[in-house]
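Heads up, the thing below is written out as structure tokens.
The values are calculated or read from the model by the stated rules, or taken from the named source; none is laboratory data. Everything numeric in this text was worked out from a predicted model, so none of it was measured. No Cβ is skipped: glycine too gets one built from the backbone with ideal geometry, and neighbour counts run over all protein chains shown.
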Amino acid sequence: MSHAGEPHRLWMPQYWPAWLAIGFMWVVDKLPWAEKRLLARGIGWLVFHVICIRRRVVFTNLKLCFPELSVVQITTLARAHYDALALGLFEVCAGWWARSKDLPAHRVIGLEHLQQALARGKGVVFLSAHFTTLEIAGRLISEYHEMGGLYRDPNHPVFAHFMRLQRAKHMHPPVHFDDLRGLVRALRGNHAIWYAPDQGKRSKSSEILPFFGVPAITNTATSKIAEMTGAAVVPFFAKREADHSYTLTILPALENFPTADAAADAVRINRLIEEHILRAPEQYFWVHKRFKARGPGYPEVY
């Protein structure tokens, strides 16, 4: 059994630094949002210029997806991305601990689309993607409607244990990302489950398909899940606005979905995700190696 499954072991001395980090996050969450944004810019600058965490991955992804941009434009976008990543960390803290009245200003567009889809009684795949706003978007939407979601544990057992406890407060039900039976059971119970298929890995439910015109391992399981359960697939995207508020957009359920062609369905989803990335490209999760391990015939770009 992993340490994450043995909470009493997580208080051993080797885990104290992780608990100190969580304590620091709790303290920082008490800062006003204006100060959090200022601190995020400082952290973003430091990580981009000094620590350089995954900077090469970010530049590679941006050059592949936006070949029309100049070096200066790519650098500017990459720099903005690190600010978005840092702010995303503070949003995680708010998602875990903030009282409803202390959440940032936001608006929800299209809540009726979720309600209409659930009225069918077959559950909703709440289709999204890995944006840096992921955690705050989940918390904000849960203020309006009960929401479940797929989750993946961090590698560190303390953070895995703590994140599971915190997310369980707001995700109803939480479903582990590789628990297909649990996902099907939740959808058949007419729950709405947050689902992001944009980080593909080689499996029986993946194919090499274009993402911003670049071949990438792409998850095709959305069609299978919808076919197995009859669940509606309802797209959901969040965006930080220039005035520091947040817009949560729920689109109508996808029509004529799934089809007999899972690859075509996945391309359709990729294009939808691309459309929303273009609205705030710095807010997408570019530190992920989206074009890795594509197999023979494809260059290793990282």
Scanning region 173-189 residue by residue, those farther than 30 Å from F291 by Cα, surrounded by 15 or more Cβ atoms within 10 Å (Cβ to Cβ) and in contact with a Gly (Cβ under 9 Å, 6 or more places away or on another chain) turn out to be P173, A186, L187, R188
Given the condition among the charged types (D, E, K, R), free of Cβ contacts under 8 Å to residues at least 24 places away in the same chain and surrounded by fewer than 17 Cβ atoms within 10 Å (Cβ to Cβ), answer yes or no: does some residue in region 40-49 qualify? no
All positions within region 215-230 that are in contact (Cβ under 8 Å) with a residue 60 or more places away in the chain, hydrophobic (A, V, I, L, M, F, W, C) and more than 13 Å from L127 (Cα to Cα): A216, I217
Show the residue pairs meeting these rules: Cβ distance below 9 Å; 6+ apart or different chains; first residue within region 165-188 and in a helix (DSSP H, G or I); second residue aromatic (F, W, Y). Q166/W96; Q166/W97; R167/W96; R167/Y151; K169/W96; H170/W96; L183/F177; L183/Y195
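Conditions (1) assigned to a helix (DSSP H, G or I); (2) modelled with pLDDT of 95 or more; (3) at negative phi; (4) in contact with a Lys or Arg (Cβ under 6 Å, 6 or more places away or on another chain), marked per residue:
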| site | (1), (2), (3), (4) |
| --- | --- |
| N256 | no, yes, no, no |
| I273 | yes, yes, yes, no |
| V287 | no, yes, yes, yes |
| P296 | no, no, yes, no |
Consider only pairs whose beta carbons are under 6 Å apart and that are at least six residues apart or on different chains; among these, list those whose first residue lies in region 79-103 and is free of Cβ contacts under 8 Å to residues at least 60 places away in the same chain and over 15 Å from A34 (Cβ atoms) and whose second residue is among the hydrophobic types (A, V, I, L, M, F, W, C) and assigned to a helix (DSSP H, G or I). R79/F48; Y82/V47; Y82/F48
